[in-house]
Amino acid sequence: MIPAHQAPVGATVTYLKPREEAEDVVLRAHLLEIIAKRQLSALFQPIVDMRTGDVVAYEGLIRGPSDSPLHAPMNLFKLARANGLTVQVEHLCRQVVLERFAELALPGKLFLNVSPECLLLQRDARNGETLEFIQQIGINPERVIIELTENQPTYDYELMREAVRHYRAMGFQIAIDDLGEGFSSLRLWSELRPEYVKIDMHFIQGINHDPVKLQFVRSIQEIAEKSNTLVIAEGIETQAELLVLRDVGVACGQGYHLGRPHPMPARAAPAAVVKALARNGVAVYPQRGADGNAASVFKLLTEVAAVPSTMSNNDVYEIFVHDPHLRIIPVVDAGQPLGLINRFDMIEHFARPYQRELYGKKSCKQFMDRQPLIADKDTSLQDLSFRMVQADAHHLFNGFIITDQGRYLGMGTGHDLMREITQMQINAARYANPLTQLPGNVPINEHIDRLLASGARFWVGYFDLDHFKPFNDVYGYRRGDDIIQLTGKILGNHCDGNRDFVGHIGGDDFMVLFQSEDWEQRCQAVLAEFEQGVQEFYSIEDRERGGYLSEDRQGKKVFYSLMSLSIGAIRVEPRQYHTHHQISTAAAESKKQAKKIHGNSLFLDRRQQPAN
């Protein structure tokens, strides 16, 4: 910082208190001492191949003196930048990491952090000083990846391309760090075409529970495959995250679950990690819910020319005459919507005796609906649909005005709204059951196809409620819905969320795709909890006599026992079946056999006939 009395005319002056000035002087002196005495130490974090579980590389990390406020690299580089010492500090960090990597004789490649800022500023980038240094300590440049880590925006892409070409000519490869987090990482990817991209940990942690993060990573992986780039997922902290990323096709992983940064890093991944990656089967992907609130009314926007309230009814009538398809005209003053004029209302008024003569030259507000349905562009379709149902019937025909912070944008029609809501409900039923929020038929079939492609053994359980319809007839559909929700909850309680896929086919039918070896014990636990839980939905009298009377389809009184759960199960061996259709058919047949058994039952079809 420049003291005010020393600042040149026109310069921006930062006024510091004496104490702050003194602290800055001390910290700068400490930084210079660190540089002079090389008081930095290197840590290395393993990078693991997702296919084999092998450690294929390490990222070199730096730390300042342990008892120093500059121990954390963020503080170290922040102070270096403030004092114009970025190049010196980065150069020293690079030397320390390279020397220690060579000293430890670590296997694989080394990811060496370099900021784009330093890559452009550093003068030795033109004379090969870095190359000369690594050759002196015995490292082949092909083992070194320059990892570009952003701390500030990158604007001069031409200079960046030139610097990267220079490093590649010396044998180095390029990686981009924190994809999705930095200022311009996507632009850098496009401009520099790196050999590696690292996805920021924000998109990795919790990916097994977040369908949006999953979609982001899948999109990045798709781009990487087309651009011949390898993806490294940073920040992996759980086995569930690891297996989802493996199934997406991510090449390598890095994070505490695979190995923490250490001065003496492990040369192999933990045994549990290697075992998990080698295991057949697939991870359970997070599913999107049935909620359609993400879609807004902006999707239905149609531009409709508005008229001011000063326009006469005669002029509005002429607009309708010249456009036979126009049904509604909005009335807007200075961007603020006032109401809607309905074509047929106006024509009806003008058809009456003397109406046109009386009102033709008056303001069009005369025949305007002064309480139109108005929705901001960010209003969800679900919310607007609810308002439409609660409002008067004429709004369905008139449609609604769409605004942006109160200013008129355009119109939406009731017909388009109902069509979109209907389509959302259809899609929701296919992807997630609205009653239980469990995945529907499409995700079930997709997961079966993934299991078949993996070549893993798995088990399919088809769950069906017995005597569900007569129960609804006696106790009502609301209590029936409660039992369906109970069943879905019980299934979730007794399945491994990372290995077993719970789906709701529809109605009172569920399907579980088990990878857990103890699937049979899980099914028995489900039956036991269901038998106990379903009792609460019956009257005391029906519980005591073990059933209730209801009419069958012929109108005869029939005694039905308390509701039970039937499970038809099949075991799927590798290459036994080829499509989800074959598996669904076999599971349905097994369920039929289970329903022939009285009470809660589990039937395993032990026939292992090859699929046709």
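Inside segment 486-527, can you point out the residues that are in contact (Cβ under 8 Å) with a residue 60 or more places away in the chain and of a type in the set (A, V, I, L, M)?
Val502, Ile505, Met511, Leu513, Val526, Leu527 - these are the residues of segment 486-527 that are in contact (Cβ under 8 Å) with a residue 60 or more places away in the chain and of a type in the set (A, V, I, L, M).
Go through segment 90-120 and count every residue that is within 38 Å of the chain's Cα centre (by Cα) and under 28 Å from Glu162 (Cβ atoms). I'd like the intermediate steps shown before the answer.
Quick first cut of segment 90-120, residues within 38 Å of the chain's Cα centre (by Cα) only: 90, 93-94, 97-98, 101, 106-120.
Filter once more, so that each one left must be under 28 Å from Glu162 (Cβ atoms): 90, 93-94, 97-98, 101, 109-120.
Counting residues in segment 90-120 that are within 38 Å of the chain's Cα centre (by Cα) and under 28 Å from Glu162 (Cβ atoms) gives 18.
Might you let me know whether segment 183-198 holds any residue that is farther than 15 Å from Val231 by Cα, modelled with pLDDT of 90 or more and of a type in the set (A, V, I, L, M, F, W, C)?
For segment 183-198, residues farther than 15 Å from Val231 by Cα, modelled with pLDDT of 90 or more and of a type in the set (A, V, I, L, M, F, W, C): absent.
I'm checking my understanding of the structure. Among residues of segment 484-501 that are out of contact with any strand residue (DSSP E or B) (no Cβ under 7 Å at 6 or more places or on another chain) and not in a helix (DSSP H, G or I), which one is surrounded by the most Cβ atoms within 10 Å (Cβ to Cβ)?
The initial filter retains those residues of segment 484-501 that are out of contact with any strand residue (DSSP E or B) (no Cβ under 7 Å at 6 or more places or on another chain), namely 484-486, 489-490, 493-494, 496-499.
Among the residues that remain, those that are also not in a helix (DSSP H, G or I) are: 494, 496-499.
Values: His494: 22, Asp496: 14, Gly497: 13, Asn498: 16, Arg499: 20.
Per the stated criteria, the residue is His494.
Answer with yes or no whether Val304 is at negative phi, outside the structural domain of Pro116 (by TED's automatic domain parsing) and crowded, with 16+ Cβ neighbours inside 10 Å.
So Val304 passes the test.
Please enumerate the residues belonging to segment 34-55 that are surrounded by fewer than 13 Cβ atoms within 10 Å (Cβ to Cβ) and either among the aliphatic types (A, V, I, L, M) or over 44 Å from the mean Cα position of the chain (by Cα) (or both).
If the condition is that a residue be surrounded by fewer than 13 Cβ atoms within 10 Å (Cβ to Cβ) and either among the aliphatic types (A, V, I, L, M) or over 44 Å from the mean Cα position of the chain (by Cα) (or both), then Ala36, Lys37 are the ones that fit.
Glu318 passes all but one of (1) in a helix (DSSP H, G or I); (2) touching a residue at least 40 places away in the same chain (Cβ under 8 Å); which number fails?
Result: Glu318 passes all but (2).
Mind telling me which of the residues Ile402, Ile374 ends up being surrounded by fewer than 19 Cβ atoms within 10 Å (Cβ to Cβ) and of a type outside the set (Lys, Arg)? Step through it out loud before you land on a result.
Details: Ile402 fails: surrounded by fewer than 19 Cβ atoms within 10 Å (Cβ to Cβ).
That would be Ile374, the only listed residue that is surrounded by fewer than 19 Cβ atoms within 10 Å (Cβ to Cβ) and of a type outside the set (Lys, Arg).
Out of segment 278-311, which residues are at pLDDT 95 or above and not in a loop (DSSP other than H, G, I, E, B)?
Val307
Does Leu513 meet the test of being modelled with pLDDT under 95, in contact with a strand residue (DSSP E or B) (Cβ under 6 Å, 6 or more places away or on another chain) and in the same structural domain as Gly461 (by TED's automatic domain parsing)?
no
Residue by residue through segment 207-236, note down the ones that are acidic (Asp, Glu) and either closer than 16 Å to Ala175 by Cβ or touching a residue at least 40 places away in the same chain (Cβ under 8 Å) (or both).
Taking segment 207-236 as the starting set, the residues that turn out to be acidic (Asp, Glu) are 210, 222, 225, 234.
Within segment 207-236, Asp210, Glu234 meet the criteria.
Just to verify a result, which residue in segment 392-423, among those that are out of contact with any strand residue (DSSP E or B) (no Cβ under 6 Å at 6 or more places or on another chain) and in a loop (DSSP other than H, G, I, E, B), is nearest to Asn313 (Cα to Cα)?
Among those that are out of contact with any strand residue (DSSP E or B) (no Cβ under 6 Å at 6 or more places or on another chain) and in a loop (DSSP other than H, G, I, E, B), it is Thr413.
What are the residues in segment 447-483 that are among the aliphatic types (A, V, I, L, M), buried (at least 19 other Cβ atoms within 10 Å of the Cβ) and in a helix (DSSP H, G or I), if any?
Kept after step one, since they are among the aliphatic types (A, V, I, L, M), are these residues of segment 447-483: 448, 451-453, 456, 460, 465, 474, 483.
Going one step further and asking which of them are buried (at least 19 other Cβ atoms within 10 Å of the Cβ), we end up with 448, 451-452, 460, 465, 483.
Within segment 447-483, Ile448, Leu451, Leu452, Ile483 meet the criteria.
What's the number of the only condition in (1) crowded, with 17+ Cβ neighbours inside 10 Å; (2) within 51 Å of the chain's Cα centre (by Cα); (3) over 30 Å from His447 (Cβ atoms); (4) not β-branched (Val, Ile, Thr) that Asp333 fails to meet?
So Asp333 meets the others, but not (1).
Scanning for something β-branched (Val, Ile, Thr) and more than 15 Å from Phe111 (Cα to Cα), does segment 207-214 turn up at least one residue?
Scanning segment 207-214, I find at least one residue that is β-branched (Val, Ile, Thr) and more than 15 Å from Phe111 (Cα to Cα), so the answer is yes.
What helices (runs of 4 or more DSSP H) lie completely within segment 16-117 and have 1 or more residues being within 16 Å of Met264 (Cα to Cα) and assigned by TED's automatic domain parsing to the domain that holds Arg246?
Per the criteria, 86-104.
If we only count strands (runs of 3 or more DSSP E) wholly inside segment 511-612, which ones have 2 or more residues that are touching a helix residue (DSSP H, G or I) at 6+ places or on another chain (Cβ under 6 Å)?
Numbers: elements: 547-551, 557-561, 564-572, 601-605.
The strands (runs of 3 or more DSSP E) meeting that bar are 547-551, 564-572, 601-605.
Working only within segment 336-363, note down all residues that are of a type in the set (S, T, N, Q) and either touching a residue at least 40 places away in the same chain (Cβ under 8 Å) or surrounded by 18 or more Cβ atoms within 10 Å (Cβ to Cβ) (or both).
Selection gives Gln336, Asn342, Ser363.
Scan segment 21-45 for residues that are touching a Pro at 6+ places or on another chain (Cβ under 6 Å), within 30 Å of Ala251 (Cβ to Cβ) and not hydrophobic (A, V, I, L, M, F, W, C) and jot them down.
The first filter runs over segment 21-45 and keeps only residues touching a Pro at 6+ places or on another chain (Cβ under 6 Å), leaving 39, 43-45.
From what is left, the residues that are within 30 Å of Ala251 (Cβ to Cβ) are 43-45.
Across segment 21-45, the qualifying residue is only Gln45.
If I ask for residues that are surrounded by fewer than 22 Cβ atoms within 10 Å (Cβ to Cβ) and either closer than 17 Å to Leu258 by Cβ or not assigned by TED's automatic domain parsing to the domain that holds His257 (or both), which ones from segment 218-239 would you list?
Leu230, Gly235, Glu237, Thr238, Gln239
How many residues does segment 459-483 contain that are out of contact with any strand residue (DSSP E or B) (no Cβ under 8 Å at 6 or more places or on another chain) and not hydrophobic (A, V, I, L, M, F, W, C)?
First, the residues of segment 459-483 that are out of contact with any strand residue (DSSP E or B) (no Cβ under 8 Å at 6 or more places or on another chain): 468-469, 472, 475-482.
Keeping just the survivors that are not hydrophobic (A, V, I, L, M, F, W, C) gives 469, 472, 475-482.
Residues meeting the conditions: 10.
Answer yes if at least one residue in segment 245-257 is in a helix (DSSP H, G or I) and more than 22 Å from Gln287 (Cα to Cα), and no otherwise.
No, the conditions are met nowhere in segment 245-257.
The values are calculated or read from the model by the stated rules, or taken from the named source; none is laboratory data. Computed from a prediction, not measured in an experiment: that's the story for all the values here. Heads up, the Cβs are rebuilt from the backbone with ideal geometry, glycines too, and the neighbour counts pull from every protein chain shown.
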